[in-house]
Every structure is written in C-alpha cells, then in structure tokens.
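Everything below concerns the one structure shown next.
The values are calculated or read from the model by the stated rules, or taken from the named source; none is laboratory data. Keep in mind that what you see is a predicted model, and the values were worked out from it rather than measured. Note that each Cβ is placed from the backbone with ideal geometry, even for glycine, and that neighbours are counted across all protein chains shown. The protein model used for the area step is the full one, side chains on, heavy atoms only, and it has no ligands, DNA or RNA in it. Shrake-Rupley method; radii C 1.70, N 1.55, O 1.52, S 1.80 Å.
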Amino acid sequence: MTVLDHRPTAPVPGWLPGATSPRTDPSPLLPDSSPVRVLGTPAFQKADPELLLDLYRRLVVGRRYNQQATTLTKQGRLAVYPASTGQEACQVVAGSVLQPQDWLFPSYRDTLAVVSRGVDPLEALTLLRGNAHTGYDPVATRTAPLCTPLATQAPHAVGLAHAARLRGEPVVALAMLGDGGTSEGDFHEALNFAAVLNAPVVFLVQNNGYAISVPLTRQSAAPSLAHKAVGYGMPGRLVDGNDAPAVHAVLAEAVERARSGGGPTLVEALTYRLEAHTNADDATRYREDAEVTAWREHDPILLMERELRDCGLLDDAVAAAATEQGEQLAARMRAEFHAEPELDPASLFRHVYAEPTPQLLEQAAQLDAELAAEAGR
Amino acid sequence: MSTLTQTSGATRTSTMAQALNAALRDSMREDPGVHLLGEDVGALGGVFRITDGLAAEFGADRCLDTPLAEAGILGTAIGMAMYGLRPVVEMQFDAFAYPAMEQLVSHVAKMRNRTAGRLPMPITIRIPYGGGIGGVEHHSDSSEAYYAGTPGLHVVTPATVQDAYGLLRASIASDDPVVFLEPKRLYWSKAELDVAAAVEPVGKAVLRRTGRSAVLITYGPSLPVCLEAAQAAQAEGWDLAVLDLRSLVPFDDRTVCEVVRSLGRAVVVHESTGFGGVGAEIAARVTERCFHHLAAPVIRVTGFDIPYPPPMLEHHHLPGVDRILDAVARLQWEG
Ligand SMILES: Cc1ncc(C[n+]2csc(CCOP(=O)(O)OP(=O)(O)O)c2C)c(N)n1
C-alpha cells in the first residue's frame, strides 16, 4: 500500500485551523478531458453568424499577413519572422476578445494577435524588421511590447491586472505563451501570483507541438498543460486551438470571469505550427512530413470555411471579398517594406533614462561628430 | 519604534534603518501610487524592519506580502508600473535578488528604451547588500557591478543616515528604475536626521572631508572606513580628502575629476571584488581624464576576487584602515 492509497477525498475532519488548513476541492478546476469544440457540434448552430463571419474574415486576412511577412524575410526585408501560420484561430481571437481598456501581453510569435488587437499591421512588424524595438505605442494600443525572453511577460500581465483591480478599474490582461514557455520559472511564478492575488488575468498557451525542435513530450510530462492551473488554484481549460469559435467561446468566458472578479484562468489551445519555427529553422530535421500533412487537414481556415459553407453562411462572394482584403494588406506590406526606412542614429541615446546621464550626452556628441565627419560637414 | 511615526519637522537622532523607514512612510503618505512589495514586508516589517508599521498604516495592498519568488515580485512590479503605480520592491538579501536578474536586465532596465519612452519604469529596488555583519554565505554579496553594468538602471547607495532618507525619497520620486543598495552593516549606525532638509538629486558625489594630499574615492559601506583611515593618516603627515560617490549610475564625473585634478593622487576603495569592479571603471575614467594632473597611478583597494568568505574570515577580505593606509603610502610615486 502506498501513501497515495490513503489520499483523503475530502478535507480531513478535525484539521487544525489556521494558515495550513486544506483550501479547496480541485475537481472544478480540472480541464475537460477532451478539448472544447464548437465546429461540428450543436453549439455551432447557436453561435452568432456575424461573429462567425467576422472570425472567418480575420482568419483569411491573417493567413495572408503571415504569408507576406514570411516572404519579406526571404527577400531580406524583415530580419526575422516567427510565423503563426496554422495558429491563426488563436491569434485572431486573442486580439479581438478584449475590450479597449484591456491589455494584451504578446510573445514574439503573436504579431497577428497584436494586429487583431487593432495595432497597425506595419507598426507591429517594426521590431522584426529591425528599425526599432516595439514600433507601436503600447499605451495607446494597450498592447505590451512583443516579448522575446520566454514567459517573462506573464508576471507583467499579473502586475498590471492587479494594479487595475486595486484602482477599481475593470481591466483584464491576457498573456500569450507557447508550450515551451510553460517550462520557464516566470510562467509558474506568474500563475502563482495571479491566483494568490486573484488578479484578472487570462493565460493563453498556444500549444503548437514544438519549442523550436523539442516536442511537447520532452517539454512536460503533465496530462495537459491546462492541468498545471490546478496546482496554483485556478481553473484550466483545454480547447481545440484550430476551432476559432471554440477558442472565442473559451477565451471570452475566461475574460468575463476575470472581469467580474472570478480570478485568473489558464487556457491551453491545441494547435500546430505549420511553418518552421522561424525562417532560420529547418523543421524537416525534427518532424515527419506525414505529421504536417495530417495537421493541414485540420487547418483552422479549412475547418471554418467548410462548416460555414455547409450551413449556407458563406458563399463565393463573401470568400472572395475576404481574399481581396488580404491581398490589399499584402500589397501595402510590400510597398512599405520595399522602401528604405529613415532612421535617426541620435535615437540611440533617447529614452535610455528620463534625463540622459553625463556619460550618454558625451557619447551622443561623439557619434554626432563621427557622422558629421563622414558627411564632410 | 513609535518615534518613526513622527516624521515631520524636527531634527532627531535616527538609525539608518529608521531613516529608510521614514523615507518609505513619507513617500507613501505623499503619493498614493507608491506601493511596497516583497517577502515578509507586511506584518513582520521586513527581516531588517525597514518596512516596520507600514502595512498597519497603509494596508496590506500597499505593503504587500508576496509569494516567495523574486522574478515574480519584480515582474509583477513591472506590470504595476505599466499601469501607473510607483512600486518599491524589497529584495530580502543581496544574493537572493539574482532570480530576478532577468526581469531586471531584460525588462526593468530596457522598457523605457524599448517603447520609445512610453513605458517608463519608476521602480525602486531596495537591496540590503555587503558584508561585515557576520552573515553566512549568500548574505553578504556586493553586487553593485552587475547593476552598474546594465544601461537603463540607476544605482544608488547611501552611506549616511541623512542620505539614506534623502536618496531613498529621490529614488522613489525618480521616473527611472533605481537599484537602491542599502549597506546592511550601516543599518544600525546613528546620526542626526533632518527630514525637512532638501532632498539631493540622484547623481551627485559629495566631499565628506577636504584634504590637501590625496583623495579617497568611495561609497556605501566603505565610507566610514575611509573616514577612519583619513583620521589615522594625519599621524603620518597625510591630509586626505574623502569623496562619497552616493550614486554609481549616473556617475558624477565632474566632481570626481575636479577633486582628482586638484590633488593629483587618488585611491578608490570598495569592499566588492576588484576585477571588473566599479573601482576599475573609476580608475580608468580618472586616468583618461586627469592623466596630466596625476602624480601617481590611481590605486584600488578592494575585497579579494573570491566568493564572499565565511563570517569568521571576512575581516581578512574587507578593506580596512591598514590596507587603505598602505595604498596611500604607495601614492608617493617617483616614476
Ligand atoms: C528565456 C529564453 N530562453 C530561450 C529562448 C530562445 N527561444 C526562442 S523561441 C524558443 C522556443 C519557444 O517555444 P514555445 O514556447 O513552444 O513557443 P513557440 O515558438 O512554439 O511559439 C526558444 C527556446 C528565449 N527566447 N528565451
């Protein structure tokens, strides 16, 4: 007989009161055993047709954005682009499920989510182009900078949501992470803080199967990433990340729960990265073609389009209009990125401190003199 | 500790710990955006009692006992700052701030720059640092060089009771992130504190003692040692000035160079390790800028390049009066 065989199912009667007494029954916090789906279920019939068509349009335009940005890296116009091709359902929902006063905390792969949030599509690429860090106004757009060090944006989301709640303002923060990011300490610290502070935060993990080359099985031995929520005392939800209406339903519910004081939620969206990690990666080294092909059958746009056509919500004209919208965006990206950007070297010294240090002033003057000499001024 | 609650007006005798407490309290009273967070800062008042009584006065939300996770503490403070609060973080001991290093370097220090000024980080990170209190390992590190080597951070360290108050007020008021290093062996040092005195801006060095022979350049825990050395040096005919940097970033090149040029001889004293330390930067700077005024090389007196020693050996490591006087003797440079 092991210790586990003695595990009590309910709090032990007569347990001493105080800081260490048992807190909560975990079962309501556990994720569903199979991912939540809307497409192909009766829930689809009940969904708002306007919302469904809007999601469809966003998926189509988002796919084109991903493709064009990837092409721009091949032409050397973008320094790097971590495409979210195949993950568009998560991306377009995450960006659109928030209210204007809410905050999005994206990671490097989430440019499309940033665009769906309302950030200008070209400004969202400034960092990846290499002109400047961030490139959009995080305060005006309520969108934190794209975050490169894994999971480090998660505690920021908690702190911001906590601060808003202290001020009595109904702000929700949504932090986006990858499956690999869930192994980082900051992810765990953020979940723990969020639960203890009852902060209005939603953590969205896009489990796309790989952290660069490392498959999920080498990343975590948990039954699901959503299960990790339970240990911190928050609900975990598991959703089909390629089913846009399902992602919308689950995220909207979690956001609402957070806004109404119900605390944080961890959502795991099961999805797949159809392209390589970035343009610098060779995905054939670590995964089989057959696997990619199978996931192409589960493409978020394909799933959505099939279902919308079946029920007569989508016709060729609507589909063509969405495609055209994507083409216009792609044309704008090409035009903008083929022009050489104007950059100001003096910007290097701006915004390091509120007041530049004497050392920075000296160095700015030095660079200025170098540039003047070069220009024969 | 009831004296701590009367912070208005009068000059009174105070320990450095009490001065820091008063600075926190006065900042919190003046600005409702100032929030403290850290381990044990609430009911306990911090392991050094620097936050004593603040949870009682301002509530558990403004003096927040957090879970035990330094990256989580600082990362959460970043989000709070993004939402317009002015967080003051307490790291319990120098060596326990390291788990938060990534948040500090990648986000606190860079956020203003990454966002073209849209997200300043008015965070003060208080870290008790340095040795000399008989602490076991991981309780005596001098970590200032790590922080000073990170663009975007201010690095401040008071050496007097008055500066503990004034510089902490200034740090909390600063729109830039400040790593505020508290020399823990001076926590119980006592002096007159005038809370009504003008608050010095961050970034100015102060001459604690004038002299005609040479200058000892120092900061934080080494200031009292240097003052003692200057006293002792009189017997050997040396009239030493003592310069307290107070702030390592921004660095007060002007005052430092002025003093060195006028005296021609300088010794840099700090207790952290010498290799790649702040003293190396100062010596290089002074040499570059004051070479023709120097009558001798700039000499460093620092701790050894070893992990901080066990408490029963720490007195061998920490620069004391004799080691400083030996260095001063070497300033009798004849080429
Ligand atoms: C702290 C940290 N360590 C390592 C890296 C390098 N790195 C960039 S992306 C990546 C894989 C992340 O995988 P995952 O979290 O699953 O996100 P995905 O790229 O699949 O969206 C790694 C290791 C990093 N950015 N940050």
Do you know which of the residues in the stretch A:214-223 that are more than 8 Å from the ligand (Cβ to nearest atom) and not hydrophobic (A, V, I, L, M, F, W, C) is nearest to B:G79 (Cα to Cα)? A:S220
Those residues that are among the β-branched types (V, I, T) and more than 21 Å from the chain's Cα centre (by Cα), I need them from the stretch B:205-240; list them, please. B:T210
For the stretch B:251-269, enumerate the residues that are within 14 Å of another protein chain (Cβ to nearest Cβ) and in contact with a Ser or Thr (Cβ under 8 Å, 6 or more places away or on another chain). B:F251
With respect to B:I306, determine if the residue is among the β-branched types (V, I, T), within 28 Å of B:V178 (Cα to Cα) and surrounded by fewer than 19 Cβ atoms within 10 Å (Cβ to Cβ). yes
Mind counting the residues in the stretch A:45-69 that are over 21 Å from A:A321 (Cβ atoms) and either surrounded by 19 or more Cβ atoms within 10 Å (Cβ to Cβ) or without any contact (Cβ under 8 Å) to a residue 40 or more places away in the chain (or both)? 2
I'd like the residue in the stretch A:67-93 that is within 13 Å of the ligand (Cβ to nearest atom) and under 22 Å from A:A132 (Cα atoms) and, out of all such residues, is nearest to the chain's Cα centre (by Cα). A:S84
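A quick yes/no check of all residues on (1) out of contact with any Cys (no Cβ under 8 Å at 6 or more places or on another chain); (2) at pLDDT below 95:
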{"position": "B:V260", "(1), (2)": "no, no"}
{"position": "B:L263", "(1), (2)": "yes, no"}
{"position": "B:S272", "(1), (2)": "yes, no"}
{"position": "B:F275", "(1), (2)": "yes, no"}
{"position": "B:V286", "(1), (2)": "no, no"}
{"position": "B:I299", "(1), (2)": "yes, no"}
{"position": "B:H315", "(1), (2)": "yes, yes"}
{"position": "B:Q332", "(1), (2)": "yes, yes"}
Checking A:L127 against (1) within 16 Å of the ligand (Cβ to nearest atom); (2) open to solvent by less than 10 Å² (accessible area, probe 1.4 Å), only one condition comes out false. Which one? (2)
Looking at (1) more than 14 Å from every other protein chain (Cβ to nearest Cβ); (2) open to solvent by less than 10 Å² (accessible area, probe 1.4 Å); (3) of a type in the set (G, A, S), which is the one condition that is false for B:G79? (1)
Residue identified as away from chain B (no Cβ under 14 Å), within 16 Å of the ligand (Cβ to nearest atom), touching a strand residue (DSSP E or B) at 6+ places or on another chain (Cβ under 8 Å) and open to solvent by less than 10 Å² (accessible area, probe 1.4 Å) among A:A211, A:A226: A:A226
Restricted to the stretch A:167-176, and to residues that are open to solvent by less than 50 Å² (accessible area, probe 1.4 Å), within 12 Å of another protein chain (Cβ to nearest Cβ) and away from the ligand (no atom under 16 Å from the Cβ), which residue is farthest from A:V92 (Cα to Cα)? A:V171
Extreme residue, most open to solvent (accessible area, probe 1.4 Å), among residues of the stretch A:133-158 that are at the interface with another protein chain (Cβ under 7 Å from one of its Cβ atoms) and farther than 24 Å from A:D179 by Cβ: A:H133
Could you please find all residues in the stretch A:94-115 being within 16 Å of the ligand (Cβ to nearest atom) and either within 14 Å of another protein chain (Cβ to nearest Cβ) or over 16 Å from the mean Cα position of the chain (by Cα) (or both)? A:L104, A:F105, A:P106, A:S107, A:Y108, A:V114
With the condition being touching a residue at least 40 places away in the same chain (Cβ under 8 Å), I'd like the helices (runs of 4 or more DSSP H) fully within the stretch B:25-128 carrying at least 3 qualifying residues. B:70-82
Considering only residues that are of a type in the set (A, V, I, L, M, F, W, C) and closer than 13 Å to A:C90 by Cβ, look in the stretch A:255-273 and name the one that is surrounded by the fewest Cβ atoms within 10 Å (Cβ to Cβ). A:L270
Here is a check on your reading of the model: is B:V41 of a type in the set (V, I, T), within 26 Å of B:L186 (Cβ to Cβ), more than 14 Å from chain A (Cβ to nearest Cβ) and open to solvent by 10 Å² or more (accessible area, probe 1.4 Å)? no
Assuming B:S142 fulfils every condition listed in (1) open to solvent by 10 Å² or more (accessible area, probe 1.4 Å); (2) out of contact with any Ser or Thr (no Cβ under 7 Å at 6 or more places or on another chain) apart from one, which condition is it? (2)
Identify the single condition in (1) within 16 Å of the ligand (Cβ to nearest atom); (2) more than 14 Å from chain B (Cβ to nearest Cβ); (3) open to solvent by 10 Å² or more (accessible area, probe 1.4 Å) that A:G118 does not satisfy, given that it satisfies every other one. (1)
Subset of the stretch A:177-203 [closer than 18 Å to B:G75 by Cα and within 13 Å of the ligand (Cβ to nearest atom)]: A:L177, A:G181, A:T182, A:S183, A:E184, A:G185, A:D186, A:F187, A:F203
Name the one entry in A:A199, A:A249 that is within 14 Å of chain B (Cβ to nearest Cβ), in contact (Cβ under 8 Å) with a residue 40 or more places away in the chain and either in contact with a strand residue (DSSP E or B) (Cβ under 9 Å, 6 or more places away or on another chain) or crowded, with 19+ Cβ neighbours inside 10 Å (or both). A:A199
Checked the stretch B:236-250 for anything within 14 Å of another protein chain (Cβ to nearest Cβ) and either β-branched (V, I, T) or buried (at least 23 other Cβ atoms within 10 Å of the Cβ) (or both); matches are B:L245, B:S247, B:L248, B:V249
Are any residues in the stretch B:159-213 among the acidic types (D, E) and surrounded by fewer than 16 Cβ atoms within 10 Å (Cβ to Cβ), and if so, which ones? B:D175, B:E192, B:D194
